[in-house]
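Worksheet for the structure shown next.
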Amino acid sequence: MEHNEALALKYRPMDFDELVGQESVSRTLSLALESKRLSHAYLFSGLRGSGKTSSARIFARALQCEKGPKAKPCGMCANCLAANPHKMRHIDIIELDGASSRKIDDIRELIEQTKYHPNMGRFKIFIIDEVHMLTKEAFNALLKTLEEPPEYVKFILATTDPLKLPATILSRTQHFRFKRISEKNIFGHLKKILHQENIPYQDEALSMLIRSGSGSLRDTLTLLDQVIIYSHYNITADSCASMLGLINPQSLNILFEEIFKQDKAALLKHIEGFSEYECEMLLDEMAIFLKEKLFYADDSRYNAMIIDRFFRIITQAKELLSLGSDDGFVLTLSIFKMLEALKIQEIDRAIEILEQGVVLPSQRAQERESHHRENKDKESEDDLVGVDLGVQILENTQGRFKNEVTQSPANPKNPASFASPSPTHSANLTQSNASFNQMPSGADLFALLVQKIFERNFELGEIFERNIRFVSYENGVLVWESAAQDADKERLKNSYANVIKGFVLEIFGMQTQIKPIAKEVKESPKNQGAVQNITREAQNVGAPNHTDFNPPQSKALSDTKLQNQPILESKPSQTQELQQSQPMQKSIQEEVNEALELPILQEARRLLEVKQIKVRPKAENQ
């Protein structure tokens, strides 16, 4: 082995048969040479290290061979020896670097050379590498010659970025696109070189080199040169990983074993050991490890569902890294998310559990209705506000009014007592012998939707159950009726996109359309009854001896208005109490005002939306 010669140069291909990974290009050019159907200009484009320059030299040598043009040159004639791809010395094969000879003066000099016939070979061939680096003026100067060159002139252009070339250049050339060389082809080529060099190796080490080369054969061979020196001519996976700064695949295998064992203590120690590596590199290596397990491993733990979850976690971690998050935090978070991703059940097992012990949503709804009927009497009294409010004016032997507000059995100090009681919703499924012999109806699915919302947020479930009523479900369209108002409507609106809609699509299907119908809100009979109850109790208030106030005294009360309070009225009566004094009237008015300011009366006025309270005197015999 010549230690002063790089592997990429030493093993440069001599003909199209040795060209690695570009079968389509080799076949097309070989057939063109054999059939003598040659163009005047060719364009080779592709990834760096994919064989563009080598192909240009092989093609130029095949054109100049004295026994050609032919796909496989003889290699013995003077032209073949001078046009050796390893050491190009042919006088009629001119190579230019587009990065350094990019000005219009350089192109003018090239055009001047096209006027002269070849000295040694059959053609005068110009190979321009990195042609996209030429200036706009240089391209324009080249156009005419490139379109109609002399019959003895051939152009071979090479570039890594064909999109930067003018369309006028592309239209004047035959374009050959060099594809990315597959890992399999590179692996075979590396093994062939190492066998010829008598250097021992491990397959895993070569796989690391190929991944680091990113599809470029020249880059991979450069890394191979480096690792041969680093490992003292014994290429191992450990030495290769150490040189490239990669993690050993065995360490990744141990890491995922600990993830499957749910061993958090061991995982934390492993994470500490990974601090010397870049997080993005670790995530890439984990993705490659999982891909290999998916394709080649027989371990049932690495099934498609688990690997899909792990890949999603890795993708999310890369997004966090792009936002500048801490590497150690992102890596730790990702590994612990993988632990949580293992807490799943297989679909068949989940169905079996459901079939053995689940209550249809319709049955659960019937149980709730039965619970309502058992407590119907109590709920009829407490359904609206939980308070049966009455206003009475007690008898005063001295001729004065007294207000007394009787509160309901509900506790006025507890705001929760004003809310309508809801049935108890258990998060656990009730065991029964029911099974899914038939497809559930739309009402069953809607009941299941209510149950899901309760499990997610009990308060939201109460609001949804109280205001939303199922109408129909046909042809993928769910229709419900909404009676939500004010705060309930706002809460349902805020939770619709994040909670409610997601459960609807999960239960009814991803193609389900939701069609809400607004319900016209009217005053319920219970509301009307509550108001009438207060009115009747207020009407029961009479004057002593069935007498009325005189007009001046009654007007004094009716004209009294409190800020944000109901209007007070007093109906005149005809009794002897009309002769009471002015101080006594003021005392009565103050006592009425104090009664109206009671917190329980204020709360009842707000809930019932009472606009006016009438206060009348009560007869003695009542």
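The values are calculated or read from the model by the stated rules, or taken from the named source; none is laboratory data. The model shown is predicted, which means the values in this text are computed figures rather than measured ones. No Cβ is skipped: glycine too gets one built from the backbone with ideal geometry, and neighbour counts run over all protein chains shown. We work out accessible area using only protein heavy atoms, side chains counted, and drop any ligands, DNA or RNA first. Shrake-Rupley method; radii C 1.70, N 1.55, O 1.52, S 1.80 Å.
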Query raised in the report: Taking region 437-455 as the region of interest, how many residues are charged (D, E, K, R), open to solvent by 60 Å² or more (accessible area, probe 1.4 Å) and over 27 Å from the mean Cα position of the chain (by Cα)?
Result: 0
Query raised in the report: For region 289-306, how many residues meet the condition of being assigned to a helix (DSSP H, G or I) and charged (D, E, K, R)?
Result: 3
Query - Selection from region 11-28 of residues that are in a helix (DSSP H, G or I) and either under 47 Å from the mean Cα position of the chain (by Cα) or of a type in the set (S, T, N, Q) (or both) - result: Glu18, Glu23, Ser24, Val25, Ser26, Arg27, Thr28
**Report entry** Hey, Gln262 touching a residue at least 60 places away in the same chain (Cβ under 8 Å) and open to solvent by 40 Å² or more (accessible area, probe 1.4 Å) or not
**Finding:** yes
Query raised in the report: Can you name every residue in region 71-94 that is open to solvent by 20 Å² or more (accessible area, probe 1.4 Å) and within 14 Å of Phe123 (Cα to Cα)?
Result: Ile91, Ile94
Query raised in the report: From the list Phe59, Phe44, which one is buried (at least 20 other Cβ atoms within 10 Å of the Cβ), not in a helix (DSSP H, G or I) and not polar (S, T, N, Q)?
Result: Phe44
Query raised in the report: Looking at Pro85, Pro118, which is the one that is assigned to a loop (DSSP other than H, G, I, E, B) and in contact with a Ser or Thr (Cβ under 8 Å, 6 or more places away or on another chain)?
Result: Pro85
Requested in this report: State whether one or more residues within region 110-126 are under 20 Å from Tyr42 (Cβ atoms), open to solvent by 30 Å² or more (accessible area, probe 1.4 Å) and aliphatic (A, V, I, L, M).
Outcome: yes
Report summary line: Within region 211-236, of all residues that are open to solvent by less than 10 Å² (accessible area, probe 1.4 Å) and under 26 Å from Ser54 (Cα atoms), the one modelled with the lowest pLDDT is Gly215
Query raised in the report: Looking only at residues in region 283-340 that are more than 15 Å from Phe256 (Cα to Cα) and touching a residue at least 24 places away in the same chain (Cβ under 8 Å), which one is surrounded by the most Cβ atoms within 10 Å (Cβ to Cβ)?
Result: Ala317
Report summary line: Scanning region 258-284 residue by residue, the ones that are of a type in the set (D, E, K, R) and closer than 15 Å to Val330 by Cα total 5
Requested in this report: Go through Gly49, Gly68 for me and flag whichever is open to solvent by less than 60 Å² (accessible area, probe 1.4 Å), closer than 24 Å to Ala8 by Cα and touching a residue at least 24 places away in the same chain (Cβ under 8 Å).
Outcome: Gly49
**Report entry** Search result, residues across region 456-482 that are more than 22 Å from Thr512 (Cα to Cα) and open to solvent by 20 Å² or more (accessible area, probe 1.4 Å)
**Finding:** Asn457, Phe458, Glu459, Glu462, Arg466
Requested in this report: Tell me which of these Leu244 doesn't satisfy, since it passes every other one: (1) in contact with a Ser or Thr (Cβ under 6 Å, 6 or more places away or on another chain); (2) at pLDDT 90 or above; (3) open to solvent by 20 Å² or more (accessible area, probe 1.4 Å).
Outcome: (2)
Query raised in the report: Quick one: in region 159-199, which of the residues that are of a type in the set (A, V, I, L, M, F, W, C) and under 30 Å from Glu137 (Cβ atoms) is most open to solvent (accessible area, probe 1.4 Å)?
Result: Leu163
Report summary line: Taking region 197-225 and keeping residues closer than 19 Å to Leu9 by Cβ, touching a helix residue (DSSP H, G or I) at 6+ places or on another chain (Cβ under 7 Å) and part of a helix (DSSP H, G or I) leaves Leu209, Gly213, Leu217, Arg218, Asp219, Thr220, Leu221, Thr222, Leu223, Leu224, Asp225
Query raised in the report: Would region 508-530 turn up any residue that is out of contact with any strand residue (DSSP E or B) (no Cβ under 6 Å at 6 or more places or on another chain), modelled with pLDDT under 50, assigned to a helix (DSSP H, G or I) and crowded, with 16+ Cβ neighbours inside 10 Å?
Result: yes
Requested in this report: For Tyr496, work out the one condition from (1) among the hydroxyl-bearing types (Ser, Thr, Tyr); (2) in contact with a helix residue (DSSP H, G or I) (Cβ under 7 Å, 6 or more places away or on another chain); (3) open to solvent by 40 Å² or more (accessible area, probe 1.4 Å); (4) in a helix (DSSP H, G or I) it doesn't fulfil.
Outcome: (2)
Report task. Determine whether region 271-288 contains at least one residue that is under 30 Å from Gln22 (Cβ atoms), assigned to a helix (DSSP H, G or I) and not hydrophobic (A, V, I, L, M, F, W, C). Result -> yes
Report task. List every residue pair whose Cβ atoms sit under 7 Å apart, with the two residues 6 or more apart in sequence or on different chains, where the first one lies in region 233-248 and is on the phi < 0 side of the Ramachandran plot and the second, anywhere, is assigned to a helix (DSSP H, G or I) and open to solvent by 40 Å² or more (accessible area, probe 1.4 Å). Result -> Ala237/Glu204; Ser239/Tyr230; Met243/Gln226; Met243/Tyr230; Leu244/Ser212; Asn248/Asp238
